[in-house]
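Okay, so here's the structure we're looking at.
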Amino acid sequence: MKTIEEIKAAIEAAVPGAGVEMVMNPSVSGQHSLRLNPEHAVEVATFLRDDAELALDFLSNVTGVDWPGKEVTEKVKGTRTVTKTVEGVEQQVEETVEETVKRVTPGCLEVVYHLYSVEKKHGPLVLRMRTVNRTDQVELPSFTPIWRSAEFQEREIFDLYGIVFTGHPDLRRLLMWEGFKDHPMRRDYVEPDDFDYEPTAHDEVVARVQAHKTAQAGESGTEAGQ
Amino acid sequence: MAVDEGLKIELGKQGVFVTTIEELYNWGRKNSIWPMQFGLACCAIEMIATTMARYDLARFGAEVFRPSPRQADLMIVSGTVTKKMAPQVVRLYNQMAEPKYVIAMGACAISGGPFKQGYNVLKGIDRYIPVDVHIPGCPPRPEALLQAFMTLQKKIDGQPLTGEGRPRYLDAEAQGEFPVPVQGEHDLEPASNKGVWTVPVVIK
């Protein structure tokens with residue numbers, strides 16, 4: 001198969017202004033991927049499928065990734081005016097101050113597609129797409145009209161991550177029931193407090209035991225059962 | 001009223017067969033338990049193996065797997081009960097005619113198993129319906145299911161038709177239909193049927 005650079009060049013030649021970025025994988029496997037611009041993603045995907053040389057006719061796998069917003073602490077140098085008494089005279093003096101600024105980087109949701117070619121016996125080519133944020137702008141174009149095998153996997157991602165695939169013919173929850181409110185695979189998913197006795201509690205289960213006990217103690221005043 | 005064993009044997013030698021209605025009735029019931037044809041996950045494969053020639057569930061009179069809950073006496077909950085499936089399992093149980101029994105087969109059906117602390121799996125079907133025999137294992141071997149069958153047969157054999165320990169269907173006061181849980185916004189509602197299941201007390 002062509003290298004990732006060659007594929008990127010081929011896409012840009014076929015779809016002007018496609019806005020494809022390379023995401024390099026520094027590990028031994030070197031499985032690099034292309035991040036598509038959602039606006040042109042359908043055109044790019046159609047090209048990848050129909051191109052005689054690439055002929056990526058088989059969509060093997062669709063994955064969702066959640067990138068929660070991170071709180072970043074930065075030290076910023078700034079100046080501010082301070083009134084100081086220098087040699088008995090009050091003066092306005094500029095001082096260099098180092099400030100700690102906390103800001104939250106916006107999170108996003110990502111979808112990863114693995115493409116193979118049955119005809120040419122090559123692959124995989126990894127495609128990625130990111131949403132704008134994790135709350136209201138979570139639309140991405142669906143690849144179901146291009147590769148039918150995306151249908152159930154995109155429904156699963158819609159169910160578990162909350163990415164809305166525009167152009168999907170039948171976007172319903174797949175694993176959880178209708179009327180379920182949350183997206184369980186998101187990092188900030190809060191499970192219902194349904195902790196039950198666990199003989200070998202460990203790691204995050206220990207934290208759930210504690211949370212459950214506090215909730216119960218707050219509710220009834222006494223610890224019932226466990 | 002039980003018949004004295006020695007007297008029974010003596011009479012049998014003389015060609016007189018003595019029994020009680022209770023004994024005869026239970027004998028008939030325990031040897032014709034028809035399970036429901038119903039599997040949920042990998043434990044169902046072991047259940048199928050149990051019915052096949054090598055283990056041969058037919059020896060226990062239980063080879064007729066009924067495709068309808070209305071003709072079945074026994075529900076083998078074989079496999080993981082997800083929160084999405086749990087209301088249907090309870091509904092199927094409600095549709096079975098009395099007398100009915102339940103075997104919870106495998107780690108998932110009895111407690112949630114390896115998925116216990118997950119968001120989508122019910123922590124044991126005994127939260128909603130009364131279970132007669134629990135089989136641990138992941139999955140249990142066919143021999144374990146046969147053992148459960150024999151345990152259930154013993155239980156049926158020992159059931160008195162009158163008095164305190166009589167089965168539910170002979171007790172007009174007993175609960176006959178079990179409430180089907182509703183799929184709520186975050187979890188099943190209610191999380192368990194208080195009439196059949198209580199939080200186990202942990203003794204340290």
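Annotation: Cα Rg of region B:33-159 relative to the compact-globule expectation 2.2 N^0.38 Å equals 0.97. Positive end of the dipole of the protein assembly as shown (Cβ unit charges, origin at the Cα centre): among B:147, A:89, B:32, the Cα lying farthest that way belongs to B:32. In region B:33-159, the DSSP beta bridges split such that about 10 percent are antiparallel, to the nearest 5.
Projecting the Cα atoms of A:142, A:112, A:125 onto the charge dipole of region A:109-150, computed from C-beta unit charges around the Cα centre, puts A:125 farthest toward the positive end.
Seen from residue B:163, the other residues with C-beta closer than 11 Å to its C-beta sum to a net charge of -2, counting Lys and Arg as +1 and Asp and Glu as -1. For residue B:30, a cut-off of 15 angstrom between C-alpha atoms picks up these aspartates and glutamates, skipping any fewer than 8 places away in its own chain: B:22, B:63, B:73, B:98, B:132, B:157. Say the dipole of chain A comes from +1 at the beta carbon of Lys and Arg and -1 at that of Asp and Glu; which of A:3, A:23, A:212 then lies farthest toward its positive end? Result: A:3. Dipole magnitude for chain A: computed about the Cα centre from +1 point charges on Lys and Arg Cβ and -1 point charges on Asp and Glu Cβ, it is near 420 debye.
Please compute one quarter of the surface area of the Cα convex hull for chain A and express it in square nanometres. If you can, show how the numbers build up before the last one.
Details: hull surface 94.3 nm².
For chain A, averaging the hull's shadow over all directions gives 23.6 nm².
Neighbour counts of other Cβ atoms within 10 Å put B:42, A:108 in the fewest-to-most order B:42, A:108. Equivalent-ellipsoid semi-axes for the protein assembly as shown (Cα gyration tensor, √(5λ), whole Å, largest first): 61, 33, 17. Just for the protein assembly as shown, what percent of DSSP beta bridges are antiparallel, to the closest 5? That works out to approximately 70 percent antiparallel. Dipole magnitude for the protein assembly as shown: computed about the Cα centre from +1 point charges on Lys and Arg Cβ and -1 point charges on Asp and Glu Cβ, it is near 1080 debye. Diffusion coefficient of region B:100-204 by Stokes-Einstein, Kirkwood radius over Cα pairs, 37 °C, 0.692 mPa s: 210 µm²/s.
What size of dipole, in debye to the nearest 20, comes out for region A:91-201 about its Cα centre when the only charges are +1 on Lys and Arg C-beta atoms and -1 on Asp and Glu C-beta atoms?
Working: 14 positive and 21 negative charges, 167 e Å.
Dipole about the Cα centre, nearest 20: 800 debye.
Only the coordinates and a few stated rules stand behind these numbers; no lab work does. Note that the coordinates shown come from a computational prediction; the quantities given were computed from them, not determined experimentally. Backbone-built Cβ (ideal geometry, glycine too); neighbour counts: all protein chains shown.
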